[in-house]
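Shown next, in structure tokens, is the structure this report addresses.
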Amino acid sequence: QVQLVESGGGLVQPGESLRLSCAASGIPFSIYGLGWYRQAPGNQRELVATITGSGSTTYADSVKGRFTISRDNAKNTVYLQMNSLKPEDTAVYYCNTYVRLKAYWGQGTQVTVSS
């Protein structure tokens, strides 16, 4: 079955960086697009970034120029490099993919940006 496992979250100060990882299994990874979403307390889950199987990327306006999504097909892993973090980036970050129109989610990893 499809499994997505996120890691790399933590507590950082404003301006610092983190790299999130999402390891996927149960799918032919290289042909599937994946996305990173986040959900802050009291807010709806929002799309942060996506990457297609061919490597094309999209970003939410709030993270453009600060976050970079990438993938390593040899490791079945997608990454989210987050630079210049802000307190408003604090959220649980989730990895996502769709297989035959069904959404799959990881368990999430907490990112907290605070001084």
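The values are calculated or read from the model by the stated rules, or taken from the named source; none is laboratory data. Every value quoted in this text rests on a predicted model; they were computed, and no experiment measured them. Cβ placement follows ideal geometry from the backbone for every residue including glycine, while neighbour counts extend to all protein chains displayed. Surface areas here come from the heavy atoms of the whole protein model, side chains and all, with no ligands, DNA or RNA. Shrake-Rupley method; radii C 1.70, N 1.55, O 1.52, S 1.80 Å.
Please list, ordered by residue number, the strands (runs of 3 or more DSSP E) wholly in the stretch 59-115 having 1 or more residues that are among the polar types (S, T, N, Q).
Details: elements: 67-72, 77-82, 91-99, 102-105, 109-113.
Passing ranges, in order: 67-72, 77-82, 91-99, 109-113.
Let's see how each residue does on (1) among the aliphatic types (A, V, I, L, M); (2) farther than 24 Å from V113 by Cβ:
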{"site": "L20", "(1), (2)": "yes, no"}
{"site": "G26", "(1), (2)": "no, yes"}
{"site": "G33", "(1), (2)": "no, yes"}
{"site": "G55", "(1), (2)": "no, yes"}
{"site": "Y79", "(1), (2)": "no, no"}
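Go through the stretch 20-47 and count every residue that is surrounded by 14 or more Cβ atoms within 10 Å (Cβ to Cβ) and more than 18 Å from T97 (Cα to Cα).
Counting residues in the stretch 20-47 that are surrounded by 14 or more Cβ atoms within 10 Å (Cβ to Cβ) and more than 18 Å from T97 (Cα to Cα) gives 1.
Quick one: would you say T50 is touching a strand residue (DSSP E or B) at 6+ places or on another chain (Cβ under 7 Å), open to solvent by 60 Å² or more (accessible area, probe 1.4 Å), without any contact (Cβ under 8 Å) to a residue 24 or more places away in the chain and assigned to a strand (DSSP E or B)?
It is false that T50 is touching a strand residue (DSSP E or B) at 6+ places or on another chain (Cβ under 7 Å), open to solvent by 60 Å² or more (accessible area, probe 1.4 Å), without any contact (Cβ under 8 Å) to a residue 24 or more places away in the chain and assigned to a strand (DSSP E or B).
If we keep just the residues of the stretch 59-91 that are hydrophobic (A, V, I, L, M, F, W, C) and without any contact (Cβ under 8 Å) to a residue 60 or more places away in the chain, which is most open to solvent (accessible area, probe 1.4 Å)?
That would be A74.
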